[in-house]
Every structure is written in C-alpha cells, then in structure tokens.
Amino acid sequence: MKFRPRRLITPIALIAVWEGAAQAGVLSPDKLPPPSKVAEAAWRLTLDGSLGLHLLESVERAALGLLIGGLLGLVLGAVAGLFRNGDDLVDPPVQAARMLPHLGLVPLLIIWVGIGESLKVSLVALGAFFPIYLNTYAGIRDIDERLVEAARTCGLTQLERIRHVVLPGAMPSLFLGLRLAFAAGWLSLVVGEQVNGQSGLGFMMMEARDFSQTEIVVLGLIVYASLGLLSDLALRTAERRTLSWRRGLKAS
Amino acid sequence: MASRPEGVVTATGVRRVFGGTTVLDGVDLRIEKGEVVALLGESGSGKSTLLRILAGLDEEATGEFTTSGSTAVVFQEHRLLPWKRVAENVALGVRGGDAPDRTATALEEVGLADRGRAWPSELSGGQSQRVAFARALVREPDLLLLDEPFGALDALTRLKMQALFGRLRARHGFAALLVTHDVEEALLLSDRLLVLDRGRIAEEIEVDLGRPRAVDVPGFNELRRRLLALLHVPADPEE
C-alpha cells in the first residue's frame, strides 16, 4: 500500500487535542498527563539508560518465548500435518488444550514454575505455540493434492516433494501463523510482566504506578504498542519478499 | 518371455474397485513404441482411472501392468507450482548438469522460449498448458500419458494445441495414451482408438487416415459416426 500523508491528519489532530485538553486543565495530570510530559519522561529514561535496559529485558523474554513456542508449534504442526500417525497422536490433545485460555493459566504456572523469568517466557511460548501449530497444520493440509501428484509424476522423492511442494505451499499460512504468534506473544508478555518483575517494561510500569508517575505508565503502553507494530511491519516485509510469486496472483 | 517385442505399455486384467463399485473390470491394453492411442468413453467410464494407474498414481489397482522406459504425464489442469518460475517448473525433478539447457530447449519447442522467468500466474491458460507439455517433454518420455490435456482450453487454443501436439509427436516419436471425450480430437491425433465401456475395452478401431490429417479427409465422418454410436450419442439431431 502506498503511503498517503493524508492518513497522518487524524492521529496528529488527536494528539493535539489531548495536549490541549491537558494544558487547559480538562484532564487531570494524575489521570492522563499530556503527550509532552510522556515525551519528556521518555527522553529522561532514555538518557539515564533505564528505558533501554527494561526494553532489552522485555525483548529478550519475548524472543526466547517466541523461539521456544514457535519451534514447538512448527515441529508438532509439521508432524501432525505430514503424517497420519502424527495427526492421530498429536492433534487431539493440542485441539483440546487450545480451548484453554492460556492467560488464565497464570495461577497454575506460578505454582509450577514460580514467579521468575520462567513464568514470563512460558506464557509467551504458550501464546506463540497455538497459532504456529494451527497454521502449520492447516497450511500443510490445504495443499492441493493435485500438485503433489504432478510432482510425483515428475519423479520427485517424498523428501523432494516436501521441499518443493509442501513447504512452499504452506508458507502463506505459516506467515499468518507467525503474525498471530507475535501478537499473542506480546499480549502474553504484558500479562506475564505484571507478575513480580525486577526488570522489564511491565516492572517499569508497575513501579511508576506505585509512585503515581502516570506519564511512565503511558510511556510503557506506547513502547509495547510500538514493539507490536514494528514486529508486524518486519514480518510483513519478510512475507512480501518470500512470497513474491503471489504478487501476480493478486494482480490478476 | 513374450514372443512379441515388449510394448511401451503392457497391461492385462487391470481391475479397480472403489468402495463397492467396479470401475475397471479386467482391462487389457498394449501400446507399441511410438504409437498414439486414444482412450474414449462416457463420463465415469474409468478412462482417467486407467491413466492414473499407468502413471503409478493408484496403489490399489490389481492386475498386471508395466510401462517400459520413461513416462511423463500431462493433466487437464496445468498443475504448475505457483511458487516456482516457469523454467523451474519445467526442470522439476530433472537431474544432471544439462538440465538448464534441456529446459530451455523444451520451452523453445512449445514456443515459450522467452517466458522462463515468468511466474505461472502471469500466463494464460493455453500458455500454462504449453509449459505443462514442456515439463513432460524435458523428460524425453517414451510414453506420454495425457488426461484430457486440451479439455479446459477454449476452442481456438485447443486447435492450436492439437497441432502443436502433432508436431511434437512427429519430432520426438513418443508413444502416447490420450484420454479424451472429444471424438474429433481422438480421430485427428491417434493411430488407434479404444472405447471403454462398463469397465472393459468395448471396441478397438485402427485409424488409417494418413498424416497430417484434417477433419475433411475421406473416411473421417464414417469413423466419427461409428464412434458416437459406440458412445451412445446420436450423430444426427433427428435421431
């Protein structure tokens, strides 16, 4: 999609109204400080290095959780998608577990893994696992059987068919799973970091709440949102590069 | 050992049952080297099933059947992989260092030498089907299995593709089994016609019309009428 400057008008106007209302005293500074104060806090915390530190901590947790959950989802989804035995053994428990709201598992996870790092990483991994699993599975299942047949008549072995037909065919679905996994991962991180942190964006926000520094709470929210936005943008770019063959399909 | 030289296809007593329905009930079939055999039959008569068995795509058929030499298949749909460029599709499964050269030659033969870098989604239906033929040709097949390869094309493109098939056949001398429901197409392209009815080969007709042939050669219409009768289609509107 081409960038149109006109699309900036409403966001900028909203921020201006927010700033104006805060300056005029319509908004209580305790409830919602003006954007200028949020920006000031961002600048201050960047200079003293604490924002960078918390951000790094949060990104590390997210990356580790996404890696663990994503890899598990990919492997199990592929096993269930490719092999009938795998489907029979793996899919039923996963489908059942998927119905559990994974954020509701926090109390149980605290009992199991405590309130430390493992809790945050486990939550992110759980959030990432299901979208990756489901979309890997569906991507492989939805491949046009006729293409696999054609590849067979071209003399491709089973391994070659997986490489040339199944994997590329499942790619669009896999990218969808990745984007959903990132969204679920960030959400899980936010929830996980509300539990007893010593560092990370969530900790920064909880601490600021205790000292009534509302601008830092708002700043934390904005950073979370930017992380989600940036990761989605990166994934979309990667998707466009990898799936360039689809461009012709969309145009026609 | 058979006393006759080995055919490209030798099949005896081929049977295939789907659920409780017998689709093929003992089919005997022999295709000689370089011979084009058209397989006709009503819808659901088992034509495509027989072709799929010979292509090795049906594991549940019984009976004896062997194909000798290399085999390639062209389906009604082009079945190109949308995520591979045209040349990569043609070269799929081709081994050896000369694969790029052979791919280029095959594309040239179907008149698409300059489209190797295109994506399948950028091609027209006729072009896609020509790529499917190139993908078959590059394997230098002794036997080409064709499952209604022109069936999904518009009438004008179909005529051009039939002519292309005739030229390729003359140049490469492959044998072919052409499954079709188009009587004229079968008469134009084949050396021998087989009519499949109720799971068996009901009729076998030699086509002695010379080559190249057109629909107005003498004898064409008699054969056409005879075939239509075998397929239970009235040849004249009054009947």
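The values are calculated or read from the model by the stated rules, or taken from the named source; none is laboratory data. Source: prediction; values computed, not measured. We place every Cβ from the backbone using ideal geometry, glycine too, and count neighbours over all the protein chains shown.
What to note about this one:
- Considering (1) farther than 30 Å from A:Arg163 by Cβ; (2) touching a residue at least 12 places away in the same chain (Cβ under 8 Å); (3) in contact with a Ser or Thr (Cβ under 8 Å, 6 or more places away or on another chain), the lone condition that A:Glu40 does not fulfil carries the number (3).
- Scan of the range A:23-47 for residues that are hydrophobic (A, V, I, L, M, F, W, C) and under 21 Å from A:Met205 (Cα atoms), ordered by number: A:Leu27, A:Leu32, A:Val38, A:Ala39, A:Ala41, A:Ala42, A:Trp43, A:Leu45, A:Leu47
- Any hit, the range A:204-212, residues being crowded, with 23+ Cβ neighbours inside 10 Å, more than 14 Å from chain B (Cβ to nearest Cβ) and either closer than 29 Å to A:Arg240 by Cβ or not hydroxyl-bearing (Ser, Thr, Tyr) (or both): yes
- Hey, A:Ala151 at pLDDT 95 or above and touching a His at 6+ places or on another chain (Cβ under 7 Å) or not: yes
- Options A:Leu71, A:Leu27, A:Leu14, A:Leu32; residue that is in contact (Cβ under 8 Å) with a residue 12 or more places away in the chain and either among the hydroxyl-bearing types (Ser, Thr, Tyr) or out of contact with any strand residue (DSSP E or B) (no Cβ under 6 Å at 6 or more places or on another chain) (or both): A:Leu32
Here is a yes/no grid of residues against (1) exposed (fewer than 13 other Cβ atoms within 10 Å of the Cβ); (2) touching a Ser or Thr at 6+ places or on another chain (Cβ under 6 Å); (3) more than 26 Å from B:Leu112 (Cβ to Cβ):
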residue	(1), (2), (3)
B:Gly151	no, no, no
B:Leu159	no, no, no
B:Gly219	no, no, yes
B:Glu222	yes, no, yes
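- Screening the range A:110-195 for helices (runs of 4 or more DSSP H) wholly inside it with 2 or more residues that are out of contact with any Cys (no Cβ under 7 Å at 6 or more places or on another chain), within 14 Å of chain B (Cβ to nearest Cβ) and not charged (D, E, K, R) returns the ranges A:145-153, A:158-161, A:167-193.
- Qualifying position, being in the same structural domain as B:Phe174 (by TED's automatic domain parsing) and of a type outside the set (Lys, Arg), among B:Leu153, B:Leu107: B:Leu153
- Qualifying residue in the range B:124-136 (condition: touching a residue at least 60 places away in the same chain (Cβ under 8 Å) and outside the structural domain of B:Arg213 (by TED's automatic domain parsing)): yes
- Remark: B:Pro82 falls outside the filter, which requires a residue to be under 25 Å from B:Ile31 (Cβ atoms) and within 14 Å of chain A (Cβ to nearest Cβ).
- Residue match in the range A:161-182 (condition: in contact (Cβ under 8 Å) with a residue 24 or more places away in the chain and over 17 Å from A:Tyr137 (Cβ atoms)): yes
- B:Leu24 among the hydrophobic types (A, V, I, L, M, F, W, C), crowded, with 23+ Cβ neighbours inside 10 Å and either in contact with a Gly (Cβ under 6 Å, 6 or more places away or on another chain) or more than 28 Å from B:Leu230 (Cα to Cα) (or both): yes
- Residue that is nearest to the chain's Cα centre (by Cα), among those in the range B:90-114 that are crowded, with 19+ Cβ neighbours inside 10 Å and more than 9 Å from chain A (Cβ to nearest Cβ): B:Val110
- Hits in the range B:54-79 - residues which are at the interface with chain A (Cβ under 8 Å from one of its Cβ atoms) and within 13 Å of B:Ala132 (Cβ to Cβ): B:Ala72, B:Val73, B:Phe75, B:Glu77, B:Arg79
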